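Chemist: Once you've had a glance at the structure underneath, I'll fire off some questions.
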Amino acid sequence: MGAYTEEIRKLSLRILELISEGLGLEKGYLGGISQVQFMTAGNYPACPDPTLTLGLLNHLDHSLVTILFQGNVEGLQVLKDGKWIGVEAIPNAFVVNIGTQLEIISNGILKSARHRVVTNPYEARTTIANFINPFPDCIIEPSNHLVNEYNPPRFQPQTFKDFVAATKAFGKYTDATQKGASSSIN
Ligand SMILES: O=C(O)CCC(=O)C(=O)O
Ligand SMILES: [Fe+2]
C-alpha cells in the first residue's frame with residue numbers, strides 16, 4: 001500500500017505539472033499547492049435491483065485532481081449534457097478527474113465533472129480514489145496569469161476548508177464522508 005500511495009502521488013504530481021504547462025503556468029505552479037494526499041477505498045456490494053439505490057450520490061470532487069482506480073467492474077457515471085454516461089472500466093487503467101479547486105484556479109478553463117456511482121446487479125465493486133488537495137487554510141482563487149480585463153475572475157478567493165464547508169458535496173451526508181486519514185505531501 002505504501003508503494004502504491006507513493007507511485008500514485010508521483011503520477012498525480014506529474015499530471016498536475018503537465019496541466020500547469022498546458023494552462024501556460026509555471027511547471028511547479030499546481031505542485032506547490034498540492035499539499036495533502038487523501039485516499040479512500042470504496043466497496044459497493046452487488047445490488048439485485050440497482051434502481052433501488054445508488055452506490056454514491058452525485059457530486060463534484062473538491063480536490064485539485066483525483067486519480068481513481070475502478071478495477072474492472074463498471075459503476076461510475078459522469079454527467080454530460082444532462083445525461084449520465086457510464087465510464088468504461090478498463091483493466092489497469094486510471095480515471096483522472098479534475099476537481100473543483102482546479103476549476104477555480106484555471107478560472108473555469110478546466111471543468112470539474114459531476115459524477116456518481118450506480119450499483120451492479122451481479123458483482124461487488126471495489127475502488128481506490130486518490131485525492132490531491134491543498135492545505136485546509138490555503139486560499140484558492142483564479143490564477144493571476146489567467147485573469148485579465150477580458151477574462152475577469154469567475155470565482156471569489158476562499159480557503160479550501162471554507163469551500164468544503166460551504167459546498168456540502170454530499171448534502172447532509174457530507175460530514176460523514178469527510179472523516180478519514182490524509183497525509184501531508186511536503
Ligand atoms: O468509487 C468510484 O467509482 C468513485 C468514487 C468517487 O467518486 C469519490 O470517492 O469521490
Ligand atoms: Fe468523486
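Chemist: Using the basic label-point model (7 angstrom from Cα toward the beta carbon), what is the Ala165 to Phe38 distance in nanometres?
Modeler: Going from the Ala165 label point to the Phe38 one covers 1.5 nm.
Chemist: With every protein chain present, what is the per residue accessible area of the chain (1.4 Å probe, Å²)?
Modeler: So the chain comes to 56 Å² accessible per residue, rounded to a whole number.
Chemist: Right, another one. Given a 1.4 angstrom probe, I'd like the percentage of the accessible area of the chain that is carbon and sulfur, rounded to a whole number.
Modeler: 56 percent
Chemist: Based on the alpha carbons, how large is the Rg to Rh ratio for region 91-180 when Rh follows Kirkwood?
Modeler: 1.04
Chemist: When the convex hull of the Cα atoms of region 1-137 is projected onto a plane and the area is averaged over all directions, what value comes out in nm²?
Modeler: 9.0 nm²
Chemist: In nm, what is the difference between 0.36 nm times the number of residues separating Asp137 and Glu149 and their Cα-Cα distance?
Modeler: Here the segment from Asp137 to Glu149 would lengthen by 1.5 nm.
Chemist: For Gln156 and Met1 in the same chain, what is the full-extension length gain: residue separation times 0.36 nm, less their Cα-Cα distance, in nm?
Modeler: Answer, rounded to one decimal: 52.0 nm.
The values are calculated or read from the model by the stated rules, or taken from the named source; none is laboratory data. Every value quoted in this text rests on a predicted model; they were computed, and no experiment measured them. Neighbour counts are summed over all protein chains in view; Cβ atoms, including those assigned to glycine, are modelled from backbone coordinates with ideal geometry. Side chains included, ligands, DNA and RNA excluded: accessible areas come from the protein's heavy atoms. Shrake-Rupley method; radii C 1.70, N 1.55, O 1.52, S 1.80 Å.
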